[in-house]
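Shown next, in structure tokens, is the structure this report addresses.
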Amino acid sequence: MNTLTILLAQTRGEATIVIISLLLGAAIIGYVTAWLYYKSIYTKRIKAIESDKHELNNRIVNLNGEISNLHKSLDEKDKEMEHLILLHIAERKHLLDYKSFGTATMAEKDDLKMISGIGPFIEKRLHALDIYTFRQISKFTAKDIETINVAIVYFSGRIERDEWVAQARELVHDKDNRTELFKRISERKTNIFYNRIGVAKKEEADDLTIISGIGGWIQEKLNVLDIYTFRQISNFTKEDVVAVAEAIEYFPGRIERDEWILQARELVRIAGNKTELLKRIRERRGRIYYDRLGFAHKHEANNLTLIDGLGLWVEERLNALDIYTFDQISKLTHTDIETITEVLEIIPGRIEKDNWVGQARELAKKTPLIKHQ
């Protein structure tokens, strides 16, 4: 009996071990099978996702290519349009009285960009009219200015506002007179508060012509005062503005009107990289609702600085967004204003405070009269 009991116990134990082994084996086989199954499923899904990712990357590359081609096409169209405009301007030479201000050839040309208010865009238009020298501009009469405004499709009042004639007269002085002018300016250094605006050396010089309103000639005169950097200008107080304007024999109120200090502070903030800022702004054009504001081109531009509180530097940034006209600004909604404030990186609330929209609506009513002057 005892032997039978022992045998039964042993048999039961062995059977239990076998059963447990079989169960464990089945569990392992089931786990491995499931793992292999899921692995195959996830492998397929991973491959499918990678395939989709690859396809999307290809589409992105293709779209970037299309965008690049569109930009090139637009640039080509702009160049073509500018070429046609220059030809059209050249056809208006007969409107000008060259006996009044004289003739010149390309071989005699001065760098007209030395005059504040004349950039590459306007210089090309003046060249189309055979206006190449400071001497010619220095002799402009009020009638000449009116005719040239019409001929180059320029903003009415801008030539007078930027004092082209006065600047050109200074630039045509002979070497002795210019030396005398620079000597006078240098003697006025004692009137400048360098302890407040800071000291700089020529080797540290920024390109001050990046500031809208400062041309090459004004930069030369500032350099005579040892004013070389954006940081120095950014530190100007009202007292400094008066002292500098008097020292360089500059037009009273012009520094404030062209917002030198504000521009200089922004250029200090962005390390003088104005080109990069404008590029950043252009890249954000997709955020602007042009279907609401309307589209405009450079040759249709209004003089946006006629809007109080909107200076040359802000105008330049708006132009980078293809916003050129009073009509476009007059249509800005609260959402547009918020977007443009952020995109242009200007002080929040400035657009509403200066009532750009209201001013633009009034100016837009006069647009047919001034748009193509």
**OP:** Scan the range 94-115 for residues that are surrounded by 13 or more Cβ atoms within 10 Å (Cβ to Cβ), in contact (Cβ under 8 Å) with a residue 40 or more places away in the chain and part of a helix (DSSP H, G or I) and report the count.
**Re:** 4
Original post:
So which residues in the range 259-279 are in contact (Cβ under 8 Å) with a residue 24 or more places away in the chain and either over 27 Å from D162 (Cα atoms) or β-branched (V, I, T) (or both)?
Top reply: I261, V268
Subject >> Residues of the range 192-250 satisfying the condition of being under 20 Å from I115 (Cβ atoms), loosely packed, with under 15 Cβ neighbours inside 10 Å and within 28 Å of the chain's Cα centre (by Cα) >> reply: D207
Original post:
Which one is modelled with the lowest pLDDT, of the residues in the range 231-273 that are over 16 Å from I210 (Cα atoms) and aromatic (F, W, Y)?
Top reply: F251
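Matching residues to (1) of a type in the set (K, R); (2) closer than 27 Å to P120 by Cβ; (3) without any contact (Cβ under 8 Å) to a residue 60 or more places away in the chain:
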residue: I192; (1), (2), (3): no, no, yes
residue: S212; (1), (2), (3): no, yes, no
residue: K221; (1), (2), (3): yes, yes, yes
residue: P252; (1), (2), (3): no, no, yes
residue: R257; (1), (2), (3): yes, yes, yes
Original post:
Is there a residue in the range 306-328 that is at pLDDT 90 or above and among the aromatic types (F, W, Y)?
Top reply: yes
**OP:** Go through the range 236-267 and give me each residue that's assigned to a loop (DSSP other than H, G, I, E, B) and over 21 Å from E345 (Cβ atoms).
**Re:** F236, T237, I248, E249, Y250, F251, P252, G253
Subject >> Selected residue [of a type in the set (V, I, T) and without any contact (Cβ under 8 Å) to a residue 60 or more places away in the chain] from I85, I122, I89, I118 >> reply: I122
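The values are calculated or read from the model by the stated rules, or taken from the named source; none is laboratory data. From a predicted model like this one, the values you see are computed outputs, not experimental measurements. Because the Cβ atoms are built from the backbone with ideal geometry, glycine has one as well, and the counts that use them run over all protein chains shown.
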